[in-house]
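The values are calculated or read from the model by the stated rules, or taken from the named source; none is laboratory data. These figures come from a predicted structure and were not determined experimentally. Neighbour counts are summed over all protein chains in view; Cβ atoms, including those assigned to glycine, are modelled from backbone coordinates with ideal geometry. These accessible areas exclude ligands, DNA and RNA; they are computed on the full protein's heavy atoms, side chains included. Shrake-Rupley method; radii C 1.70, N 1.55, O 1.52, S 1.80 Å.
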Amino acid sequence: MKATPLVWTGRVLSALFVLFMLGASAAPKLMGMPIASEIMAGLGWSTDYVLPIGVLEVALTLLYICRPTSVLAAILFMGLFGGAIATNLRADQPLFSHTLFSIYLALFMWGGLWLRDEKLRALFPWRRHD
């Protein structure tokens with residue numbers, strides 16, 4: 001069966017999400033880059049949490065890549081994103097660039113999944129009011 005443009009759009013959105021999570025979020029944490037510790041300390045978190053959060057991000061991203069566990073991963077990611085939003089709110093970070101960034105990631109994550117998964121589209125249909 002040939003993939004539709006809808007499915008390809010979903011794959012692209014999902015790929016962008018995965019690349020961001022692995023390259024820009026998890027990699028600095030796992031590689032011990034100073035920027036990861038600086039950001040965590042600036043948000044009021046102990047730098048001891050940098051590595052565990054990086055491992056969690058990689059684990060959830062791998063679950064998201066695997067089709068049978070992708071919805072579970074998306075749900076678990078929402079917990080991580082909720083924590084990030086709460087942390088940024090508490091630290092009084094800028095709203096649109098920092099605090100809501102997790103919402104932007106969630107839109108890519110869920111949007112990509114919804115577009116590429118027919119069962120998810122059936123579960124959450126797009127309804128137009130006529």
Mind telling me which of the residues TRP110, TRP114, TRP126 ends up being open to solvent by less than 70 Å² (accessible area, probe 1.4 Å), within 30 Å of PRO68 (Cβ to Cβ) and of a type outside the set (S, T, N, Q)? TRP114
Pairs please, first residue from the range 68-79 and loosely packed, with under 14 Cβ neighbours inside 10 Å, second anywhere and part of a helix (DSSP H, G or I) and not acidic (Asp, Glu), Cβ atoms under 9 Å, 6+ apart in sequence or on different chains. LEU72/LEU63; LEU72/TYR64
Taking ALA3, is it of a type outside the set (Lys, Arg) and out of contact with any helix residue (DSSP H, G or I) (no Cβ under 6 Å at 6 or more places or on another chain)? yes
Read through the list (1) of a type in the set (A, V, I, L, M, F, W, C); (2) closer than 16 Å to VAL7 by Cβ; (3) touching a residue at least 12 places away in the same chain (Cβ under 8 Å), then give the number of the only condition that TRP126 fails. (3)
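Yes/no matrix, rows are residues, columns are (1) under 16 Å from the mean Cα position of the chain (by Cα); (2) of a type in the set (Gly, Ala, Ser):
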| residue | (1), (2) |
| --- | --- |
| LEU43 | no, no |
| SER46 | no, yes |
| VAL50 | no, no |
| TYR64 | yes, no |
| LEU76 | yes, no |
